[in-house]
Every structure is written in structure tokens, then in C-alpha cells.
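Report on the following structure.
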Amino acid sequence: MAISIAGGVRPGKVIEIERRLYKQLIVGKHKVNVMPDEISEDLEENANKLDIERQALKLRIDKQAKEKQVYLEVSALLTHTVNNAIEHQLANPQMILEASAIGEGQILLLDLLLDPDLNINRLRPIIESISWLSRDLINLINSPASGHRRPKNSDVQVTDIKLVLNYIGIENLRLLIPYFCLRHWLPTGNANLLWITRKLWRYSMVSAIAAQTLAELHNKEPSLAYCCALMYQFATSIILSQSGHIFDKTWGTWLREASLSREKQVYDAIMATDFPAEAVLEQVLQHSHSLNWQLLSLLQFDDSAMTQVLKELDHDYHFTELSVDAAIVAKASCYAKVLLLEEQQQIDPQEKRIMFDYYQFSAQELIRLKGKNFRKLNLL
């Protein structure tokens, strides 16, 4: 007789598969295609050049025993220095919050968007105070690709944020603002993290679309599920962004010092040192789910429905003990993991069944999700 694992103690196999996805996102070497509205498209050439240069240096270093020893010692020391700095920051959530420059206004916007009776005038002054968000919304409404209603004269650029918000409307803002917030929190302008960022962005969007779909199917509020699915990668984005910043700063300082000292072997060893993805993966697995809600608590959003869902998901309840909203987010995350692992041929049919069994997917849910386009979110 087969024993069902549905919803109870999370089996080791489920945990292993979920970790496998994060390893693919952060450590995996595969590259992904640009998604619509992709961030950092102009970095792709630089990222490819950096990969090629590092590989060439490593091949040359491998041929010379003395250079290889220098590389191993310098690379290990650089990686250790970076890891210590990352761990020091993660030990203090307040330090992470300050370093990330995430303010109360950004989270207040997300919280306000969950109000079913929201007046657009409550959003406007907060959006105006966040320059990058105002810019993103203005650029979107003026984009030739925008299918939304615009002034009859197509040459007219809409720059007044009040007009922009009225053109977009509340329901579209419930999609756009969380979308732009997570996109802003991801590492940007960093060639070392380009592929990681793209993979995490794709995973986030698949999760959000799946959560929205499941919420609609079960007559629950889709904006809460959608927002929480994106915020489930909130701390992961912050950890990656801060880790990238620390690595780039340390790496650049060491390169300049080696250049000034005219130590070519040391310079090449530093140049060939990769971003410490394995170590950062461990930090993400250890800290991200708790930081998701701890950072919101530090910003005084303990009572937000968003914070409560993220706290539930961190406390690792049995699936059957989760609230309906938290269960929808957990299911959406599971579906995204399976979909992305399938694309990389990193999960077999039996493992897929185990995942869907534990998270108690119904046939109707799987049919509805299978019919979705996970390559693009319908924004306007």
C-alpha cells in the first residue's frame, strides 16, 4: 500500500528538491534568455567577456604550478574576506536594512495595495517620493509597447505622475508596483551576478503568476497572493545584492592594490576569482525566509497581512497547518521550482509527483496552471 506524504512533515526528498532549485539559481552555470522588461540587458556582453577572461586566466594558471599556488592562496583569502563581511552583515538585520536602502515608503505602498477600497490619491505622494518608481511608471506608460490608453497624439509624453497613475489604474498598479519593487531590489549593474539575477527574476515571476492564478481559482484575493509570492524572494534579492556589492568592492580594492604593487601573478589570481556563489547559497538557505518578515518587522509592518504570510512560511509548519493564503504562496513556489527544474532536466517524474503530492495539488489546479503563459506577465 502506498503511503501518502501529503501535507504532513516535509520529507527530506522535498527539502532536497527545493534546495536543488536554489542551487540551480545561484550556483548553476546555465544562462537564461532575456525576459520581457528584463533588467541589465546591456550587461550581457560584459558578463560574457568577464566569463571568458576568467576561464582563459584559469587555463593559463593551471599550466603553471607556481602561479596555481598563488591563485589558490589569493583566491581563498579573497573569498574568506568576502564571506566574513557578508556573515557580519547578515548577523544584524538592521545593518542589512540600512545597507539595502529600503525605506518604509516602499513597503507602505505594497501594504496599501492590499486594501480592497484603496483610493489612488493615497498612493501618489508616496510614489512621487520614490524617484526610481516614478520613473519606471512614467517610462512604462510612454513606452510604444504599452497597450494602455494614452493621449490621442502619440508624440505627447506623459510626465505628470497623477496622469500616469490615472491612466494605469488601481488594479494594474497592484501588479506593477510589487513587480517594479522586486526588480529594483535585485542586483543591478553587476556583471558577476547577471545570470543569477535573471534566473531569480524568472523564478519570482513564475511564482507570482502561479500564485495569482491559484488565488483566482479559489476565489481568494489575488493581489495578496501575487505580492507575497514576489516578497518570498525579497530577502534572497537583498542578500544577493549586498553580497555582490561587498564582493565587487573587495575585489576592486584588491585589484588596484595588486596593480600598484606590479604583482602580476597576484593581480591575475584576483582577476580569476569568481563570485563566491556556493557560500552565498548557504547564506540564502539559512537566512532568507526569516529575513523576509524580520526586515518588514523592523520597518514596523508586523500587522501587515503580507508579513503574517511570510512569517508562516518561515516557521516551516506542516503544509496542512498553513492558512489558505500562505498555502497558495507555498504551492506557487513549488510549481515554479518544478517548472524551472524540468526546463533544466534536473527533476524526474517521480520527484515531480512527490512535490505535487506533498503540496496537495488538485487536478483542476494543475490544469489551470499548465494553461498559463509563464514567460510574460500581462502588465497593462
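The values are calculated or read from the model by the stated rules, or taken from the named source; none is laboratory data. As the structure is a computational prediction, the values presented were derived from the model and not from experiment. A quick note on method: Cβ atoms are made from the backbone with ideal geometry, for glycine too, and the neighbour counts reach across all protein chains shown. Heavy atoms of the whole protein, side chains included, go into the accessibility calculation; ligands, DNA and RNA do not. Shrake-Rupley method; radii C 1.70, N 1.55, O 1.52, S 1.80 Å.
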Find which of 270, 286, 91 sits farthest along the positive direction of the dipole of the chain, computed with +1 on the beta-carbon of Lys and Arg, -1 on that of Asp and Glu, about the Cα centre.
270
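How about the stretch 237-322: which trypsin sites (Lys or Arg not before Pro) there lie in a loop by DSSP and see at most 13 other Cβ atoms within 10 Å? Intermediate results must be reported in sequence, preceding the final value.
Values: sites: 249, 256, 262, 264, 311; in loops: 262.
Passing sites in the stretch 237-322 are 262.
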At 0.36 nm per residue, and after removing the present C-alpha to C-alpha distance, how many nm does the segment from residue 128 to residue 53 gain when stretched out fully?
22.7 nm
What are the extents of the Cα atoms of the stretch 270-380 along their three principal axes, listed from largest to smallest and rounded to whole Å?
46, 45, 37
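For the stretch 166-258, how big is Rg over Rh, using alpha carbon atoms and the Kirkwood form of Rh?
Values: Rg = 16.8 Å, Rh = 14.7 Å.
Over the Cα atoms of the stretch 166-258, Rg/Rh equals 1.14.
How would the chain be classified by its alpha-carbon gyration tensor: rounded, prolate or oblate, with rounded meaning a/c under 1.5 and the a/b versus b/c comparison settling the rest? Let's see the in-between values first.
Working: a/c = 1.80, a/b = 1.29, b/c = 1.40.
The shape class here is oblate.
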Of the heavy-atom accessible surface of the stretch 252-315 (probe 1.4 angstrom), what whole percent is carbon and sulfur?
49
Å² per residue, accessible surface of the chain at 1.4 Å
48
Total charge dipole magnitude, the stretch 172-240, about the Cα centre, Cβ charges on Lys, Arg, Asp, Glu only, Debye to nearest 20:
180
How compact and how long is the stretch 200-345, expressed as Rg and Dmax of its alpha-carbon atoms in Å?
19.6, 66
Cα centroid separation - the stretch 324-380 against the stretch 187-213, whole Å
16
Using only the Cα atoms of the stretch 47-133, construct the convex hull and provide its projected area averaged over every direction, in square nanometres to one decimal.
9.4
Between helix 12-26 and the chain, what is the angle of the helix's C-alpha long axis to the longest principal axis, kept within 0 to 90° and rounded to the nearest 10?
70
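Whole number please: convex hull volume per residue, Cα atoms of the stretch 66-201, in Å³. List each step's numbers first, then the result.
Working: hull volume 20.7 nm³, N = 136.
Cα-based convex hull of the stretch 66-201, divided per residue, equals 152 Å³.
Which FRET efficiency value, to the nearest 0.05, is calculated for residue 64 and residue 282 with the Förster distance at 45 angstrom and r the Cβ-Cβ distance? Don't skip to the end; give the middle numbers.
Values: r = 32 Å, r/R0 = 0.71.
The value I calculate is 0.90.
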